[in-house]
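Let me begin by presenting the structure, written as structure tokens, before commenting on it.
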Amino acid sequence: MSKQLLHACGSNAVVIGLNDRAFALIKKHDDASALILELLPPTSKLVKEKKDDGIVGEDVTENTKNGKGGDDDENDEDIPDDDANVDTTKLNNPLEIQAVCCSMTNIENEVYFAVSRENKSLSLYSYTMGISLDDNKSSLIPNITYNMPRRARCLAYTVVDDTNLIVIAGDMSGDAIAYSVVPQSTSTRRLLLGHTASILTGLNVVSGLLLTADRDEKVRVSAFPDTQLIRGYLLGHTSFISTMDVVVSTTTDRTLGVTGSGDGSVRLWDCASCHEIGIVPAVAMIKNDVDEVDDGKTNSNKEDRDKEDEKILEGDDEDDDDNEDSHHVAVPLSVALTHDTESIIVVRDGLNTIDVYSIPSFSARHYFQHNVNKILNQKQTIACPSQPLFVRCLNDGSFLILVSAPDFLLHYCCIEGGDGTYVDISSTSPFIKSLCGTIGCSEGCIIEMRSSTLERDENGGFKLGKAGLHFDKHWNDVGRKEVAKLALQRRKKRRIEEAKKVRMEQAGGGIVGST
């Protein structure tokens with residue numbers, strides 16, 4: 001799944017994960033600068049985990065040495081005793097960050113942060129706004145660290161009973177588990193729900209709903225905190241859900257969700273009714289200058305194109321081995337809804353661009369619910385200096401982009417009174433100035449980011465993709481099938497009309513000849 005490496009609460013606090021280092025960025029009262037704090041991993045050798053029968057400790061440091069930093073799956077390989085024979089480049093970094101999250105309470109003026117790592121640890125931090133730190137102190141240590149049963153790649157803070165703040169972790173076994181933010185003598189964790197034999201790839205809590213996405217092409221909409229009540233499912237994708245975002249509209253109070261999938265599409269949902277109200281079709285990356293419509297056969301005659309279209313519609317992939325690299329669906333790595341719910345921001349795997357799509361007005365959305373054509377219009381494409389990995393919208397209408405290198409973080413906003421397009425304000429952003437001033441965002445920065453937040457197998461396919469199904473094949477692209485289907489229908493219609501015309505001319509010639 002795509003890692004959750006960027007999160008924000010409001011417009012004043014941001015948390016970012018850069019490889020195995022996490023940073024909290026808190027805007028100061030002057031709005032021109034930001035405090036930056038590094039969120040350190042657990043320093044104690046003993047990570048304490050509270051259970052119903054008391055406090056239990058597990059030696060995470062020893063697990064790290066023995067290569068037990070990941071799940072009990074393909075990442076948990078036995079490491080030989082002879083360290084000299086170990087290829088460390090093939091081992092996962094046990095401290096590599098999987099997900100980050102933050103929350104702010106207005107009453108206590110407290111900011112909370114959560115970081116999950118490869119070694120299945122969940123570290124919780126807090127900082128009180130306005131408290132000055134020592135000049136030498138630019139970091140936070142965890143208030144509490146939980147040892148999770150599996151890695152968690154999606155986190156969300158929420159409040160239960162109006163006062164109790166918890167953090168919910170969606171893990172690699174399909175479970176959503178709630179953890180207490182405050183250490184207690186009683187149980188500090190609760191299993192909220194589970195997706196059978198699946199993996200959670202996204203998690204959001206909003207308006208009394210808990211939305212959980214998985215690798216089985218669906219999003220479950222459950223009541224919260226009564227998670228045993230299922231309100232419905234968001235259905236329509238044909239591959240794993242790679243990313244999700246949910247926002248309550250500030251103008252209509254409707255809960256809107258947006259999802260990206262391994263099928264390449266991005267879909268907009270009304271979460272209360274579980275209806276799809278908009279779609280962005282898959283975007284194909286074309287290699288070797290291959291033409292997408294004619295499948296690389298621009299000089300073919302009409303019959304060849306007809307046969308190729310018929311093969312596409314029938315699912316004939318006999319030539320797939322030769323042409324499988326000519327088209328590749330760009331899987332959305334991250335999607336985000338602006339807080340005014342007027343735009344969707346999308347970043348895709350393999351494309352150094354940021355795409356902005358317009359969301360129709362309320363009346364148009366109601367029309368879309370009863371209309372087949374739900375395609376959303378693209379209003380802007382922004383070039384990125386490197387691969388964008390994650391996007392997060394702020395309450396002030398701007399959005400942040402996490403990129404692989406060398407700047408790591410970019411900031412965009414709409415100019416007031418402008419034409420509605422986004423411009424780069426990274427040079428004046430207090431978040432980015434503080435981050436670069438601390439880690440030195442440049443070509444010589446020692447932090448190395450992965451080129452994608454989606455894991456791939458040894459054959460280059462996505463690990464979330466189901467065995468035997470090839471979602472990135474050009475012949476399986478839904479948009480291309482529709483184009484080919486319409487083209488084939490038009491050609492058949494023209495042939496029928498031409499045949500009728502010939503028969504009529506022949507019939508007319510026969511009548512004239514007989515007279």
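The values are calculated or read from the model by the stated rules, or taken from the named source; none is laboratory data. Note that the structure is predicted; figures quoted are calculated from it, not measured. Every residue, glycine among them, receives a Cβ derived from its backbone with ideal geometry; neighbour counts consider all protein chains shown.
Among the conditions (1) out of contact with any Leu (no Cβ under 7 Å at 6 or more places or on another chain); (2) at pLDDT below 75; (3) over 20 Å from Y112 (Cβ atoms), M1 misses just one, which is (1). Just checking, does the range 186-199 include any residue being buried (at least 20 other Cβ atoms within 10 Å of the Cβ), under 18 Å from the mean Cα position of the chain (by Cα) and in a strand (DSSP E or B)? No, the range 186-199 contains no residue that is buried (at least 20 other Cβ atoms within 10 Å of the Cβ), under 18 Å from the mean Cα position of the chain (by Cα) and in a strand (DSSP E or B).
Of all residues in the range 229-248, those satisfying the criterion of being hydrophobic (A, V, I, L, M, F, W, C) and assigned to a strand (DSSP E or B) are I230, L234, L235, I241, M244, V246, V247, V248. The set of residues in the range 382-392 being touching an Asp or Glu at 6+ places or on another chain (Cβ under 9 Å) and free of Cβ contacts under 8 Å to residues at least 60 places away in the same chain consists of I382, P385, S386. Looking at the structure I just gave you, is A336 at pLDDT 60 or above and in a loop (DSSP other than H, G, I, E, B)? Answer is no for this residue. Examine the range 137-145 for a residue that is assigned to a strand (DSSP E or B), at pLDDT 90 or above, under 29 Å from L454 (Cβ atoms) and not small (G, A, S), and state whether such a residue exists. Yes - at least one qualifying residue is present in the range 137-145.
Results for (1) of a type in the set (A, V, I, L, M); (2) in a loop (DSSP other than H, G, I, E, B); (3) surrounded by fewer than 23 Cβ atoms within 10 Å (Cβ to Cβ), shown as yes or no for each residue.
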site: C154; (1), (2), (3): no, no, no
site: V159; (1), (2), (3): yes, no, yes
site: D162; (1), (2), (3): no, yes, yes
site: V167; (1), (2), (3): yes, no, no
site: S173; (1), (2), (3): no, yes, yes
site: A176; (1), (2), (3): yes, no, no
site: Q184; (1), (2), (3): no, yes, yes
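Note on the range 382-397: among residues that are in contact with a Ser or Thr (Cβ under 8 Å, 6 or more places away or on another chain) and over 20 Å from S242 (Cβ atoms), the one that is surrounded by the most Cβ atoms within 10 Å (Cβ to Cβ) is L394. Flag set for A282, criterion: part of a loop (DSSP other than H, G, I, E, B), closer than 27 Å to G350 by Cβ and more than 14 Å from the chain's Cα centre (by Cα). Could you say whether any residue in the range 357-375 is over 19 Å from E276 (Cβ atoms) and at pLDDT 95 or above? The answer is no, given that none of the residues of the range 357-375 is over 19 Å from E276 (Cβ atoms) and at pLDDT 95 or above.
Are any residues in the range 161-177 more than 21 Å from the chain's Cα centre (by Cα) and modelled with pLDDT of 90 or more, and if so, which ones?
L165, I166
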